[in-house]
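Asks: So that we are looking at the same thing, I have put the structure below in structure tokens.
Quick note: the coordinates plus some simple rules give every number you see, no bench work behind them. This one's a predicted model, so the numbers in the text were calculated from it and none came from an experiment.
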Amino acid sequence: VSGHVTVKGKPANGVTGFLHPQQKMESGTNDTAPSAKTNENGYFPITGLPAGRYVPISLTPGYIMSKGWTDYTMARGAAFDIAEGEIIENFDIELIPGGVITGRVTDSNGRPLVEERVRLWWFDKNGTPQEFSTRVLDKMLTTDDRGVYRIFGLREGRYILSAGAYSNGQ
């Protein structure tokens, strides 16, 4: 699989792209996601892929893919299939700036809550809230030593954010 990554129509140099397998890899195979970094022309080649279904991912802070899934943060494209020996060229990816939600969590006396877990939900196309729960977001969903959290790479939409203790699933 090869193509170009652009930002505002210009080549994106040094962007790492991954192809996350959507199936469990056979035992004995490398279970890391195949990846490549773009060159000065924004070009990337990822070779040696076994047949299967993959999701393209770009962990480019602050950017998301212009086309693809709308139910995840970061840059995730739509899943695609590749057959054994198939070559996919011109798999071009356009990155656009994503949104940011940031804030500070404090106790009732205004002191920062350190390493406080915040929870983020987004509303799907049916208006049903869905919780974000990916390992990529874990660090962003935890406050720092000042009680500050910063969640970036979000698509346009409606979100719910909460912090604090939970009981009985509420």
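Asks: What lysines sit close enough to LYS139 to cross-link, taking a C-alpha to C-alpha distance under 24 Å and skipping anything fewer than 8 places away on the same chain?
Replies: LYS37
Asks: Still on this structure, I have one more. Using a cut-off of 24 Å between alpha-carbon atoms, which lysines can reach LYS125, once sequence neighbours fewer than 8 places away in the same chain are excluded?
Replies: Straight-line reach from LYS125, under 24 Å: LYS67.
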